[in-house]
Ligand SMILES: [Zn+2]
């Protein structure tokens, strides 16, 4: 007789499920999308949140750096405003959470907790005052960069581009100050998107454990945006000798989880680029803006032709990170609404999250491990970041 295993849905529904990255705010602002609406090609709405028992989402405050040049703070504020307006409109089912305790209380009250994370340090426009004000408005993590390097931190997206000016050590002295100020405020330091030297510098400087809000393992899919095994271990040990360590939240994007998909994408890159160039030229000759939505439609048209990787590919990354860094150091960072619908087979929206729990149980992860991966690990890190913010800040980084 084999001991009976708890059902996947029981385990899933017993967890505080936390996802650390969704780009839905772009939809709120650009498409006037409301979380009460049908999905309409997206991955996240109130209905799918309920079906998938999603307890908390970190909504990404992402400012496209070329389109909004000169208006980074304005766009940042518009996105923050859009999230808070969603909370107001759906206050019966949603709450704005700014602490780990808020997430737990919301879970007990059966309400969905909305949090915010800034994606890309360019949003602070080289100003610690802006960083502090974003914190005051509820922002609780910041990726030091997006795909663009900024004046104080380097990105994996352009680190190989010699025409872009980079910092000598990955983080400038000001960048180290940004990390220290985030520690003092209680804002989680997020290393998704950063270049490898920037990762190591941030890891060394931060007094609190750090996260990667939406990143995968480079050993399984060779993308510069994914993390090497050495980085996974270093992140798990972040926060100093007394810390329980950070957490890597696995991105669901097909192009980060599957080498086969990535190779197919690379093979069509020239074709995509020329289609975009064409469409941009056509828009210009008609005297109109080439919109982000238009660009997104073209990209999606190409990527939809590539076969979706199996769900197994996503689980492989969770499994790998659990093996290399430890089961206490892995979680979920879907990138819903930020990957042009390019998700593994069977994952179309937040409603499909229980399938991940089922697949983890199939791989012999215990119910307790599943609960850690689904949100427990992130909560632990968040609590520790809050505790560090209450410590008196030292003048120089601890190590
Ligand atoms: Zn991202």
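The values are calculated or read from the model by the stated rules, or taken from the named source; none is laboratory data. Since the structure is predicted, the reported quantities are computational estimates derived from the model, not experimental observations. Note: ideal-geometry Cβ built from the backbone for every residue, glycine included; neighbour counts use all protein chains shown.
For this structure, a couple of remarks:
- Helices (runs of 4 or more DSSP H) contained entirely in segment 1-116, each with at least 2 residues that are within 16 Å of the ligand (Cβ to nearest atom) and crowded, with 17+ Cβ neighbours inside 10 Å: 24-30, 72-89
- The single condition among (1) modelled with pLDDT of 95 or more; (2) over 19 Å from residue 245 (Cα atoms) that residue 205 does not satisfy is (2).
- Residue satisfying condition, being crowded, with 18+ Cβ neighbours inside 10 Å, in contact with a strand residue (DSSP E or B) (Cβ under 7 Å, 6 or more places away or on another chain) and in contact (Cβ under 8 Å) with a residue 24 or more places away in the chain, within set 331, 376: 331
- Looking across segment 337-375 at every residue that is under 17 Å from the mean Cα position of the chain (by Cα) and in a helix (DSSP H, G or I), the one that is nearest to the ligand (Cβ to nearest atom) is identified as 350.
- Selection count where residues are more than 16 Å from the ligand (Cβ to nearest atom) and touching a residue at least 12 places away in the same chain (Cβ under 8 Å), scope segment 238-256: 8
- Screening residue 142 with (1) away from the ligand (no atom under 13 Å from the Cβ); (2) under 22 Å from residue 21 (Cα atoms); (3) not in a loop (DSSP other than H, G, I, E, B) gives one miss only, at (1).
- Selection of segment 322-336 for residues being outside any helix (DSSP H, G or I) and more than 16 Å from the ligand (Cβ to nearest atom) yields 325, 326, 330.
- Filtered by the rule that a residue be surrounded by fewer than 20 Cβ atoms within 10 Å (Cβ to Cβ) and in a helix (DSSP H, G or I), segment 308-318 gives a lone residue, 312.
- When residue 255 is tested against (1) modelled with pLDDT of 95 or more; (2) within 27 Å of residue 56 (Cβ to Cβ); (3) over 20 Å from the mean Cα position of the chain (by Cα), only condition (3) is not met.
- Filter pass, residue 134 being modelled with pLDDT of 95 or more and in a strand (DSSP E or B): no
- Tally, over segment 244-259, of residues that are assigned to a loop (DSSP other than H, G, I, E, B) and under 15 Å from residue 331 (Cβ atoms): 5
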